[in-house]
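Each value in this text was obtained by applying a stated rule to the coordinates, not by laboratory testing. On a predicted model such as this, the values are computed, not experimentally measured, just so you know. A quick note on method: Cβ atoms are made from the backbone with ideal geometry, for glycine too, and the neighbour counts reach across all protein chains shown.
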Amino acid sequence: MFTGIVQHLGRVTSAQRTAGGLVLSVEAPPAAQDARIGDSISVSGVCLTVTGTSGDVLRFDVTGETLSMTTLDDLTEDLLVNVEPSLRPSDRMGGHFVTGHIDGIGALTERTDTPGETRMTFRTDAAVTQMMILKGSVALDGVSLTLTHVSEGTFGVVLIPHTLSVTTLGTIRPGARVNIETDLIGKWVLKALGRADDTISEDFLREHGFA
């Protein structure tokens, strides 16, 4: 479990393709200090298991299934990635509950930079946006953000300068792809009510006692 509050930027030192997937090595000094084999760490929003360590470098074995569902197959040497170790019981819950299990991939279609904020609009599958709600939470490449608009197949977020400076979202431009994880609680609400084909809305949540 993660919070979507990125703690470090890591640097890809190696991305070796294998017959079944990818062996990924990431230099992330703060995270590597406490990491042990078997630990879960979020890399660009994807929950990965540490399979090896060497100094400041963490190694992960990525399956073909994960590559097909995420942007990790785009990674090459020297690219930066968002890194967050798994949540401990004593840690602050600064963002929202994030599992590292990706729901879909989004493409940045518009970026508007103004003093104090940056607005971004993304395109994705309609099946992903139907699990979103205005002012709800979403994780993009592992970064916890608030949805500022949602429509079928598109959604928007607003980022402050601090978030842009400490995550990889600060450098993306139209056409860039990001990993999307929608809010865990919202997905369980839909499943529990047997309404997995419906869109979450404030009225929907209020009608069923969740708001």
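Which value, in Å to one decimal place, does the Kirkwood hydrodynamic radius take for the range 1-120 when every pair of different Cα atoms is included?
Numbers: mean 1/r = 0.0659 Å⁻¹.
Hydrodynamic radius (Kirkwood, Cα only) of the range 1-120 equals 15.2 Å.
Along the range 118-127 the Karplus relation, 6.51 cos²θ - 1.76 cosθ + 1.60 evaluated at θ = phi - 60°, assigns HN-Hα couplings of 10, 9, 10, 10, 10, 10, 7, 5, 4, 5 Hz to successive residues, with x for each Gly and Pro. As a proxy for reagent exposure, T76, T148, T66 were ordered by neighbouring Cβ count within 10 angstrom, fewest first; the result is T76, T148, T66. With springs only between Cα atoms under 10 Å apart, run a GNM on the chain and tell me which of D183, D74, D56 wobbles the most. Maximum fluctuation in the GNM of the chain, among the listed residues, is at D74.
With a cap of 10 neighbouring Cβ atoms within 10 Å, and only residues DSSP puts in a loop, list the trypsin sites (Lys or Arg not before Pro) found in the range 1-49. Display every interim value, and only then the final one.
Values: sites: R11, R17, R36; in loops: R36.
In loop regions of the range 1-49 (DSSP not H, G, I, E or B), the sparsely surrounded trypsin sites (Lys or Arg not before Pro) are R36.
As a rough footprinting exposure proxy, the listed residues V128, V166 were ranked by other beta carbons within 10 Å of their own, and the order from fewest upward is V166, V128. Using alpha carbons only, the radius of gyration of the range 104-207 set against its Kirkwood radius gives Rg/Rh = 0.98.
Counting beta carbons within 10 Å around each of D125, D141 and listing the fewest first gives the order D125, D141. In the chain, excluding the sites themselves, the longest stretch lacking any of the GluC sites (Glu not before Pro) that are in a DSSP loop with at most 12 other Cβ atoms within 10 Å is 1-76. Mind jotting down the distance between the C-alpha centroids of the range 162-192 and the range 109-158, whole Å? The range 109-158 and the range 162-192 have Cα centres spaced 7 Å from each other.
Largest GNM mean-square fluctuation across D103, D73, D113, computed for the chain with C-alpha springs under 10 Å, falls on D113.
With helices as the sole contributors, the chain gives -4000 deg cm²/dmol at 222 nm; each DSSP H run of n ≥ 4 counts as -39500 (n - 2.57), and the sum is divided by every residue. The GNM of the chain, with springs linking C-alpha atoms under 10 angstrom apart, assigns the highest mean-square fluctuation among S44, S144, S86 to S86.
Gain on full extension, evaluated as 0.36 nm per residue between E207 and T114 minus their Cα-Cα distance, stands at 29.7 nm. With coordinates expressed along the principal axes, the C-alpha atoms belonging to the chain extend over 52, 40, 38 Å, beginning with the largest.
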